[in-house]
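Here is the structure we will look at.
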Amino acid sequence: MNHSVARKMRRPNFPRVGAVLGALALTAGLAATSACTSAGSSHADQPAREKPSILLVHGAFVDGSSWHDVAAKLQRDGYDVTVAAVPLRGLTYDSAYVKSLLDTMPRKTILVGHSYGGAVITNAATGSPKAAGLVYVAAFVPDEGEALGAIDQRYNGPASKIGVPREYPLPAGTQKSETEPGVELSVDPAKFHEYFAPDLPADKAAVLAAAQRPIAASAFAQASGVPAWKTLPTWDLITRDDKMIPPDGQRAMATRAHATITEVSASHAVTLSQPDEVTKVIETAANTVQP
């Protein structure tokens with residue numbers, strides 16, 4: 001071979017490996033950036049999920065103010081909240097009243113019932129197209145045909161120990177005669193702190209006892225109707241230190257209703273003593289149901 005010719009032959013001009021890898025990395029990076037931008041634009045274009053409304057239903061011996069802290073937290077988190085002013089004149093009447101309120105709600109609604117309010121939402125939500133789910137808080141969860149008085153006796157509730165009956169005149173048409181007295185129940189103020197709210201300061205419990213709203217005794221005798229929990233998703237916050245509705249009774253009713261159960265160490269006044277825990281359960285339900 002002619003060496004002079006060999007010296008004149010040049011190696012092919014291949015690009016350097018580093019330069020090739022760099023170009024590939026740049027191309028991949030640009031593609032990934034483009035994909036992320038496209039995905040981000042897609043998410044940004046999607047409307048925010050509409051939150052259901054929340055209807056809070058208080059129980060016996062209190063009023064709507066018992067939901068104050070819970071309602072405030074829900075509103076801060078962007079929920080439309082309504083607090084029912086339950087008449088406490090009987091399960092049938094109260095359920096019809098709350099149902100009429102439910103019918104006016106602007107969208108699908110989570111009903112939340114505390115104590116006696118649990119029995120009210122059990123009946124008020126039945127068959128309603130506005131009802132999206134039920135949340136029970138230290139509550140009665142009756143089945144069809146059950147009376148709350150019988151449930152109280154079954155689980156050794158305190159009604160016979162702490163209830164103070166009082167006769168009052170009823171408006172015309174509500175009983176057989178205008179003069180026949182009705183009977184309503186309140187909690188003995190001397191026992192209110194011990195039974196209803198032992199985890200609240202004594203002075204606050206004393207104010208609650210003085211301001212309590214009595215309930216018609218007939219509310220505990222009337223049979224409950226077809227329960228909404230048979231067709232709606234259900235959650236239940238059970239209060240382990242409850243002396244009004246014993247926790248064993250709460251668990252039995254919640255289990256029967258196939259509820260998603262949360263337990264907390266609290267008294268019957270859990271909406272006042274632990275509003276954060278109550279709010280968590282409500283928002284879990286709200287994030288689960290279809291609005």
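The values are calculated or read from the model by the stated rules, or taken from the named source; none is laboratory data. The shown structure was predicted, so the numbers you read here are calculated from the model rather than taken from an experiment. Glycine also receives a Cβ, built like all others from the backbone with ideal geometry; neighbour counts cover every protein chain displayed. The protein model used for the area step is the full one, side chains on, heavy atoms only, and it has no ligands, DNA or RNA in it. Shrake-Rupley method; radii C 1.70, N 1.55, O 1.52, S 1.80 Å.
Scanning region 43-82 for residues that are farther than 26 Å from V164 by Cβ, among the aliphatic types (A, V, I, L, M) and modelled with pLDDT of 95 or more turns up I54, L55, L56, V70, A71, A72, L74, V81. The single residue among T82, T122, T126, T104 that is surrounded by fewer than 16 Cβ atoms within 10 Å (Cβ to Cβ) and of a type in the set (S, T, N, Q) turns out to be T104. Between L185, L200, the distinction of being of a type in the set (A, V, I, L, M, F, W, C), touching a residue at least 40 places away in the same chain (Cβ under 8 Å) and open to solvent by 40 Å² or more (accessible area, probe 1.4 Å) belongs to L185 only. Could we say that K191 is assigned to a helix (DSSP H, G or I), open to solvent by 40 Å² or more (accessible area, probe 1.4 Å) and not polar (S, T, N, Q) here? When the stated conditions are applied, K191 passes them. The single condition among (1) within 27 Å of K161 (Cβ to Cβ); (2) outside any loop (DSSP other than H, G, I, E, B); (3) in contact (Cβ under 8 Å) with a residue 24 or more places away in the chain that S267 does not meet is (2). For N287, the criteria (1) surrounded by 15 or more Cβ atoms within 10 Å (Cβ to Cβ); (2) within 21 Å of L111 (Cβ to Cβ) hold in every case but one, which is (1).
The number of residues in region 151-208 being at pLDDT below 90 and charged (D, E, K, R) comes to 6.
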